[in-house]
Amino acid sequence: MIEPITLVRLILTIIGVVSTVYGVSYVIIGRFDIPFIPKRESMMIGSVLIGIALALFAISAFVP
């Protein structure tokens, strides 16, 4: 059986990885000016997602 702390760390890490992938893709879309969404909004969304991912990685690292 998996311990609850290990499960929480695993879930936070998975959410962080998914958020990083989406954040980087939005930043790339903004950099290359792909007509998906406006450049400014794409860069902002990507930066926020990367920031959320970094916060989740920090939280999961400090969970005892």
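The values are calculated or read from the model by the stated rules, or taken from the named source; none is laboratory data. All of these numbers come straight from a predicted model, not from anything done at the bench. Cβ: placed from backbone, ideal geometry, glycine included. Neighbour counts: every protein chain shown.
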When (1) of a type in the set (Val, Ile, Thr); (2) over 16 Å from the mean Cα position of the chain (by Cα); (3) at pLDDT 85 or above are applied to Ile2, the one that fails is (3)
If a residue must be surrounded by 13 or more Cβ atoms within 10 Å (Cβ to Cβ) and in contact (Cβ under 8 Å) with a residue 40 or more places away in the chain, how many such residues does the range 41-64 contain? 4
Looking at the structure I just gave you, is Arg9 surrounded by fewer than 12 Cβ atoms within 10 Å (Cβ to Cβ) and in a helix (DSSP H, G or I)? no
Test Ser42 against the stated conditions and say whether it is in contact with a Leu (Cβ under 6 Å, 6 or more places away or on another chain) and at pLDDT below 90. no
